[in-house]
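Right, one structure below, let's go through it.
The values are calculated or read from the model by the stated rules, or taken from the named source; none is laboratory data. Being a predicted model, the structure only gives us computed values, none of them experimental. When we count neighbours, we look across all protein chains shown, and the Cβ atoms used for this are built from the backbone with ideal geometry, even at glycine.
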């Protein structure tokens with residue numbers, strides 16, 4: 001199963017009152033790890049039980065023996081106790097071997113949650129393989145960029161609001177793959193509209209600070225239709241943003257042209273098949289198919305060379321005076337010539 005499927009399964013069990021003695025949560029995406037830990041905290045103990053039965057420990061300040069001692073205690077005036085070890089990634093991987101005996105025979109009245117963030121634990125470890133057989137070992141992978149718009153739409157639906165594919169892609173392209181940042185912005189948008197309402201481009205522009213007309217998504221559309229004036233107008237707007245970096249825009253455009261290349265590699269495919277090959281919703285297939293007619297494969301190779309050159313110049317290599325705005329405008333003129 002995928003990270004999101006595993007996440008939903010664990011949350012469903014926890015909300016239903018079904019718990020395992022040990023949860024080992026690890027991986028590059030912190031958001032899902034934090035959310036699972038939070039769900040267990042909410043549902044494993046009632047509020048009045050937490051004073052005596054909730055222990056929050058941190059890897060930097062806690063030895064394995066102290067974690068084990070906490071787990072071996074019995075709950076006070078409650079059915080169970082909860083021990084949460086945060087920042088477990090600060091431990092050396094062999095430190096977990098000191099908990100191996102406990103992993104094999106955990107206290108039935110204790111729930112131990114281990115949060116090992118920003119990377120995966122070494123899957124070759126015997127103790128981790130054994131944990132996965134009887135306990136919960138959750139791998140939190142980063143979502144791929146093409147999955148973000150769909151994830152945003154589902155998250156908005158969960159909050160009983162609506163958002164279109166264009167607006168979801170606008171948020172994804174602008175905010176990137178940091179799910180913590182994405183969810184914060186989506187939740188802000190959900191707060192300012194009533195249940196059942198729709199998140200529009202105007203709403204995003206007012207509350208998130210993304211222009212619905214001048215953004216990377218609109219820049220790609222202008223490039224894809226060969227609209228040089230529109231592309232340069234957007235470039236001038238982006239140049240006014242102090243946070244704009246040409247090497248980041250070049251990376252996004254490289255991904256865009258890679259998708260156009262995929263269209264060339266899949267001639268005659270139906271819309272659904274092509275959407276799957278591109279990793280995008282079918283809604284956007286026509287846009288890429290149209291751009292592919294304007295940018296043949298031979299031209300794409302030269303464009304990728306220009307993008308790599310812009311990336312290096314944006315990082316200061318071979319560039320002595322041009323700022324990011326000038327570099328972007330020059331790049332677009334050469335790409336669209």
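Select from the range 27-52 the residues that are surrounded by fewer than 17 Cβ atoms within 10 Å (Cβ to Cβ), in contact (Cβ under 8 Å) with a residue 12 or more places away in the chain and within 19 Å of the chain's Cα centre (by Cα) and list them in ascending order. Correct list: 28 only. If you go through the range 73-82 and keep only what is free of Cβ contacts under 8 Å to residues at least 60 places away in the same chain and surrounded by 13 or more Cβ atoms within 10 Å (Cβ to Cβ), you end up with 73, 75, 78, 81, 82. Within the range 227-252, residues that are in contact (Cβ under 8 Å) with a residue 40 or more places away in the chain have Cβ atoms under 6 Å from residues that are part of a loop (DSSP other than H, G, I, E, B) in these pairs: 228/336; 238/244; 247/315, counting only partners at least 6 apart in sequence or on another chain.
Could you tell me whether the range 28-44 includes any residue that is assigned by TED's automatic domain parsing to the domain that holds residue 108 and more than 30 Å from residue 155 (Cβ to Cβ)? No; the residues of the range 28-44 include none that is assigned by TED's automatic domain parsing to the domain that holds residue 108 and more than 30 Å from residue 155 (Cβ to Cβ). Each residue in the range 1-26 was checked for being buried (at least 20 other Cβ atoms within 10 Å of the Cβ) and within 18 Å of the chain's Cα centre (by Cα), and 3 pass.
Taking (1) modelled with pLDDT under 95; (2) in a helix (DSSP H, G or I) in turn, residue 77 satisfies each apart from (2). Checked against the criterion of being free of Cβ contacts under 8 Å to residues at least 40 places away in the same chain and farther than 30 Å from residue 55 by Cβ, the range 127-149 contains one or more residues that satisfy it. If you go through the range 287-300 and keep only what is part of a helix (DSSP H, G or I) and either in contact with a helix residue (DSSP H, G or I) (Cβ under 8 Å, 6 or more places away or on another chain) or assigned by TED's automatic domain parsing to the domain that holds residue 152 (or both), you end up with 287, 288, 289, 290, 291, 292, 294, 297, 300. Screening residue 303 on (1) at pLDDT below 90; (2) assigned to a helix (DSSP H, G or I) shows it passes everything except condition (1). Checking 265, 330, 273, 309 one by one, the residue that is under 22 Å from residue 214 (Cβ atoms) and surrounded by fewer than 20 Cβ atoms within 10 Å (Cβ to Cβ) is 330 and no other. Within the range 177-213, how many residues turn out to be surrounded by 19 or more Cβ atoms within 10 Å (Cβ to Cβ), more than 18 Å from residue 29 (Cα to Cα) and either assigned by TED's automatic domain parsing to the domain that holds residue 236 or touching a residue at least 40 places away in the same chain (Cβ under 8 Å) (or both)? So the count comes out to 2. The requirement of being buried (at least 21 other Cβ atoms within 10 Å of the Cβ), closer than 20 Å to residue 285 by Cβ, touching a helix residue (DSSP H, G or I) at 6+ places or on another chain (Cβ under 7 Å) and modelled with pLDDT under 90 is not satisfied by residue 168. Within the range 21-72, the set of residues being assigned to a loop (DSSP other than H, G, I, E, B) and at positive phi is empty.
With the structure loaded, tell me whether residue 282 is farther than 23 Å from residue 166 by Cβ and touching a helix residue (DSSP H, G or I) at 6+ places or on another chain (Cβ under 8 Å) or whether it fails that test. So residue 282 does not fit the description; no.
Of the helices (runs of 4 or more DSSP H) lying entirely inside the range 179-279, those containing at least 3 residues that are within 20 Å of the chain's Cα centre (by Cα) span 179-191, 246-265. Of the set (1) surrounded by 14 or more Cβ atoms within 10 Å (Cβ to Cβ); (2) in contact with a helix residue (DSSP H, G or I) (Cβ under 6 Å, 6 or more places away or on another chain); (3) at pLDDT below 90, all apply to residue 174 but (2).
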